[in-house]
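Below: one structure, written as structure tokens.
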Amino acid sequence: MKISHIIKFVPVLCLAGCALEPVPSPTTSNWGIEPVSLYDSGYDKGTEIVSVQQSTLRAVLSNFETGEADVLDVGQPQRLHRKARFNLKLSKGEELTSVAFHPTLDMFAAVIDAGNRPGRLEIRSATTGVLIDRIVVGFGPDAVVFSEDGKLAMIANEGEDFLFEPSSKQFFTPEGSISIVRMSKSGHIVSHKNLELANMANYEGFVISKGGRFMEREIDWNGDGIISKDMDFDGNGKIEKKKVLLGYFEGQDVSGTETKGEQKILIPIKTHSPALLEPEYIAISPDAKKAYVTLQEDDAVAVVDLISEQVISYYGLGITQHKVDAHYDGWVKFEQSMTGLREPDGITTVANGRYFVTADEGDTDSDTSTPSSGQPTSGGRSVSVFDAATGTLLGDTGNQLDEIAFANQVYPERRSTKKGSEPEMLVALDLDGLPYIAVGMERAGSVALISLADPFHPKVVALGKIGGDEDKSPEGIAHFVVDGEHYLLTANEMSGTVECFKIVRQGAD
């Protein structure tokens, strides 16, 4: 795609609380989050993305381990049960990465990552699982969402797989892209367009830490078809805890640690070239005129004009600074200053599309920075609110997510030196006419509720714990309403479950 239109790069370097104009916070009710039921898929892990069709009170749930999609009845939230299970019959090396229920039709969308080949979108019946339509999309599709009217679907093609060519010692990866798919009234695919991404190198507002950042990637370096957990990279007959130069990517050194093997090969981020732009998740505005796409590793959001079907701007999301617990030492004290790149995963819109909101998880590593070093670390450990028209930061939650996790005895202190509770995916909802965000915290095994009554000062107001002693890792999250009551679902990929929570009123402030 020729980038002949205007691309606007907006620096967002102000910190949490740097409001343009504070607005008075309306009187709100106190809310709590209570677990009401648990759906067990029967598998130890893999339940990753969940999406609800409000009109029929059904949900579709993906399992990346088995390549299956479950359709659940959520009409009685206290007794979630499965209505159907569909095996998508994936080929070897393929993975079901995301699903989305159509807003009104009896069908769901599923995207399949085909590794070093372009992925595909499948449209299937939610009652029978029968394939209705399919198309080839970009490399590494990782998320699919429908517009509110159901007339279009969008796919974030992450393109994160890397290949290695031994003869030249070069690493290669396909470029990420964004797919726009137009749907007919019957749910068939009418048109499809893949949007390429521009080179953002050296533009103001895009931060690269001085020491360099890295993406950890699984790469079959020796070509044996197996991703080894440890490897004698230098061939000296020993597996040692040391970095070894393995080759090159875009002129930069690529290294691996023998004790981590091919599971965590370090790809350097020295530029914002198209090969390193990996679309992660998508929020479509309520009027379906624009979409906002997270570019997690680049700490950015791409803005798509859905009328002209073009990427029209990029917003650099800048840094956040606040107090954290930066040490894994058996004591939790939120006393150390942290400077963090937001690097968001999930994104949604609120206030009829006036703002977009990000879950600032983080997804890179640095060879110099620690949370208290002054150099930007990976992940803001926060939820941030931006003006959708300009990309201007309004406010973020600072350290509130880690603090409420600690208060509820779920703070993962072992992650203090990394990304804390790791806000992953989020969803918007209205309570008493005011906007709220529910966000899953991957490492804390919980979901938090955030009031945006004052978007300049997001306030974390409640936390719900996911049951069980095992690792939960909530990935997908969904919201639905039954008889005027609000509920949340979290898809917990490391326990093979879906937790259902009820948002309950606890009295006035």
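Convert 4 °C to kelvin, take the viscosity as 1.567 mPa s, use the Kirkwood radius over C-alpha pairs of region 341-485 as Rh, and evaluate the Stokes-Einstein diffusion coefficient in µm²/s, rounded to a whole number.
Value of D from the Cα-based Kirkwood radius: 84 µm²/s.
Run down the lysines and flag those whose C-alpha is under 18 Å from the C-alpha of residue 185, throwing out any fewer than 8 positions away in its chain.
Reachable lysines: 151.
In whole Å, what is the distance between the alpha-carbon centres of region 224-299 and region 450-466?
33 Å
Any idea what the dipole of region 79-203 comes to, in debye rounded to 20, about its Cα centre with Lys/Arg Cβ at +1 and Asp/Glu Cβ at -1? Present the calculation step by step, with values, prior to reporting the outcome.
On the way: 15 positive and 15 negative charges, 137 e Å.
Its charge dipole is roughly 660 debye.
When Rg is the radius of gyration of the Cα atoms in region 26-184 and Rh is its Kirkwood radius, what does Rg/Rh come to? Before the final figure, lay out each step's value.
Details: Rg = 17.8 Å, Rh = 17.0 Å.
Across region 26-184, the Cα-based Rg/Rh ratio is 1.05.
How large is the charge dipole for the chain, taken about the Cα centre, if only the Cβ atoms of Lys, Arg (+1) and Asp, Glu (-1) carry charge, to the nearest 20 debye?
Working: 47 positive and 75 negative charges, 130 e Å.
Once rounded to the nearest 20, the dipole reads 620 debye.
Report the one residue of 248, 116, 154 whose Cα lies farthest in the direction of the positive end of the charge dipole of region 102-249 (charges on C-beta: Lys and Arg +1, Asp and Glu -1; origin at the Cα centre).
Farthest towards the positive pole: 154.
Arranged by the count of other C-beta atoms within 10 angstrom, fewest first, what order do 314, 328, 355 take?
Numbers: 314 25, 328 14, 355 20.
In increasing order of surrounding Cβ atoms, one gets 328, 355, 314.
Kirkwood hydrodynamic radius for region 94-163: how many Å is it when counted over pairs of different Cα atoms?
Numbers: mean 1/r = 0.0824 Å⁻¹.
It works out to 12.1 Å.
Mind ranking 95-104, 221-230, 160-169, 136-145 by how tightly packed they are, going by the mean number of other C-beta atoms within 10 angstrom, highest first?
Numbers: 95-104: 21.3, 221-230: 12.8, 160-169: 14.6, 136-145: 23.6.
Descending packing order for the listed peptides: 136-145, 95-104, 160-169, 221-230.
Can you give me the Cα centroid spacing of region 328-366 and region 172-192 in angstrom?
29 Å
Do the sum for the chain: with -39,500 (n - 2.57) for every DSSP H run of n ≥ 4, divided by all residues, what is the mean residue ellipticity at 222 nm, to the nearest 500 deg cm²/dmol?
Details: 1 runs with 8 residues, N = 509.
Computed ellipticity for the chain at 222 nm equals -500 deg cm²/dmol.
Can you flag which of 264/290; 242/323; 169/264; 264/323 are past 27 Å Cα-Cα?
Pairs exceeding the cut-off: 264/290; 242/323; 264/323.
Under the Karplus relation 6.51 cos²θ - 1.76 cosθ + 1.60, θ = phi - 60°, what is the ordered set of whole-Hz ³J(HN,Hα) values for region 486-496, x standing for Gly and Pro?
Values, residue by residue: 9, 10, 10, 10, 10, 8, 9, 5, 8, 10, x Hz.
What is the extension gain from residue 170 to residue 430, computed as 0.36 nm multiplied by their sequence separation minus the C-alpha to C-alpha distance, in nm to one decimal? Could you put the intermediate results ahead of the total?
On the way: separation 260, 0.36 × 260 = 93.60 nm, distance 5.00 nm.
Stretched out fully, the residue 170 to residue 430 stretch lengthens by 88.6 nm.
Mind listing the Cα extents of region 263-353 along all three principal axes, in Å, largest one first?
Largest to smallest, the principal-axis extents are 53, 36, 23 Å.
Shape of the chain from its Cα gyration tensor (a ≥ b ≥ c, root eigenvalues): rounded if a/c is under 1.5, otherwise prolate when a/b > b/c, or oblate? Intermediate values should be presented prior to the final figure.
Numbers: a/c = 1.31, a/b = 1.13, b/c = 1.16.
Since a/c stays below 1.5, the shape of the chain is classed as rounded.
Positive end of the dipole of the chain, charges at C-beta (+1 Lys, Arg; -1 Asp, Glu), about the Cα centre: which of 261, 105, 491 has its Cα farthest in that direction?
Selected residue: 105.
Every number here is computed from the coordinates shown, using simple stated rules; none is lab data. Just so it is clear, the structure is predicted and the values come from calculations on it, not from any experiment. Methodologically, a virtual Cβ is constructed for each residue, glycine included, from the backbone with ideal geometry; neighbour enumeration extends over all protein chains shown.
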